Amino acid sequence: MSPATEPPELTAVMPVWNEGERVEPTIRAFAAAVRTPFELLVVHDMPEDTTVPIVERLHAEIPAVRAHRNNLGPGVLNAMKAGIAAARAPYVLVTMADGSDEYGAVDRMVALARDGADLVAASRYVRGGRQVGGPRLKRLLSRGAGLSLHRLAGVPIHDATNNYKLYSRRFLATTPIESEAGFELAIELTVKATLQGRRLAEVPTTWRDRTGGASRFRLRTWLPHYLRWYLLAFRGRRRRTPDGGESRTS
């Protein structure tokens, strides 16, 4: 795990909402798996969030882990934006607190970013990746969106909707976030990176649906927001820079 005095190369942003004790195994799994010098920002909306005392206790043992208050307004989107804004490292990773993400991929994602990728996706839809559990309709829509964007709209990666992604600071610094709801940030930044001709890369991952607590994913409410970026990818394909984005799979 990273000493507190070592400058982080990676900032991990983990939005939470009353996760309580459930967050501890996820944080410990991250700290145990990641060799890259990191800081882990556990972003909460309110001081009374049940996750905060758990993070404060873990901070004494793992100084790179700390709670960060979201001051942009309630909700998971604002929590992610607040964490990104507070990040100190050249690479920023978004991950969920529910244990759905596997962290053995993180160092490989950082290596691809060091090699020049501005966006590195942990992909469920490449060889070696898979998705375990979750509502069937949500799985079908996610896979369909990711693969159609890749095959028909020219998005270099296969999994646009997974929020488990790493971004370079240089990309984030020049790309305003316009998302308005839920978890649409991932598809927005994927489409924008593609249309800007940025280099995108991906590593296979296994995503597992959460086994405790309640999911904050609201398909009916958020689907129109996802469609905005999905359609933009197709409309923007003709305007894309001639060299296009580059994809690599590790």
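The values are calculated or read from the model by the stated rules, or taken from the named source; none is laboratory data. It should be emphasised that the depicted structure is a prediction, and the values quoted were computed from it without experimental measurement. With ideal geometry, Cβ positions are generated from the backbone for all residues, glycine too; neighbour counts draw on all protein chains shown.
Before moving on, here are some points about what is shown:
- Given (1) at pLDDT below 95; (2) in contact with a strand residue (DSSP E or B) (Cβ under 7 Å, 6 or more places away or on another chain), index of the condition TYR230 fails: (2)
- Some residue of segment 164-178 being of a type in the set (Phe, Trp, Tyr), more than 19 Å from ALA97 (Cα to Cα), within 18 Å of the chain's Cα centre (by Cα) and part of a loop (DSSP other than H, G, I, E, B): no
- Residue identified as at positive phi, in contact (Cβ under 8 Å) with a residue 12 or more places away in the chain, touching a helix residue (DSSP H, G or I) at 6+ places or on another chain (Cβ under 9 Å) and of a type outside the set (Phe, Trp, Tyr) among GLY75, GLY99: GLY99
- Tally, over segment 78-96, of residues that are touching a residue at least 40 places away in the same chain (Cβ under 8 Å) and either under 18 Å from PRO47 (Cβ atoms) or among the hydroxyl-bearing types (Ser, Thr, Tyr) (or both): 5
- Residue count, segment 149-163 (criterion: without any contact (Cβ under 8 Å) to a residue 60 or more places away in the chain and over 16 Å from the mean Cα position of the chain (by Cα)): 2
- Residue within segment 117-133 that is of a type outside the set (Gly, Ala, Ser), over 17 Å from the mean Cα position of the chain (by Cα) and under 16 Å from LEU223 (Cβ atoms) present: no
- Counting only strands (runs of 3 or more DSSP E) that fall entirely inside segment 28-110 and contain at least 3 residues that are within 28 Å of GLY133 (Cβ to Cβ), the qualifying elements are 38-44, 91-94.
- Qualifying residue in segment 27-35 (condition: closer than 17 Å to ALA86 by Cβ and either touching a strand residue (DSSP E or B) at 6+ places or on another chain (Cβ under 7 Å) or β-branched (Val, Ile, Thr) (or both)): no
- Total residues in segment 42-72 satisfying the condition of being crowded, with 17+ Cβ neighbours inside 10 Å and either in contact with a Leu (Cβ under 6 Å, 6 or more places away or on another chain) or in contact (Cβ under 8 Å) with a residue 12 or more places away in the chain (or both): the figure is 16.
- Positions within segment 17-27 being under 18 Å from the mean Cα position of the chain (by Cα) and part of a helix (DSSP H, G or I), in sequence order: VAL23, THR26, ILE27
- In segment 189-211, the residues that are over 19 Å from ARG143 (Cβ atoms) and in a helix (DSSP H, G or I): LEU189, LYS192, ALA193, LEU195
- Qualifying residues in segment 181-219 (those that are more than 22 Å from TYR125 (Cβ to Cβ) and modelled with pLDDT of 90 or more) - the one surrounded by the fewest Cβ atoms within 10 Å (Cβ to Cβ): GLY197
- Of the candidates GLU56, GLU102, the single residue that is over 18 Å from the mean Cα position of the chain (by Cα) and acidic (Asp, Glu) is GLU56.
- Selection status of LEU172, at pLDDT 95 or above and buried (at least 21 other Cβ atoms within 10 Å of the Cβ): no
- Residue under evaluation GLY144, criteria (1) closer than 20 Å to ALA113 by Cα; (2) without any contact (Cβ under 8 Å) to a residue 60 or more places away in the chain; (3) small (Gly, Ala, Ser), criterion not met: (1)
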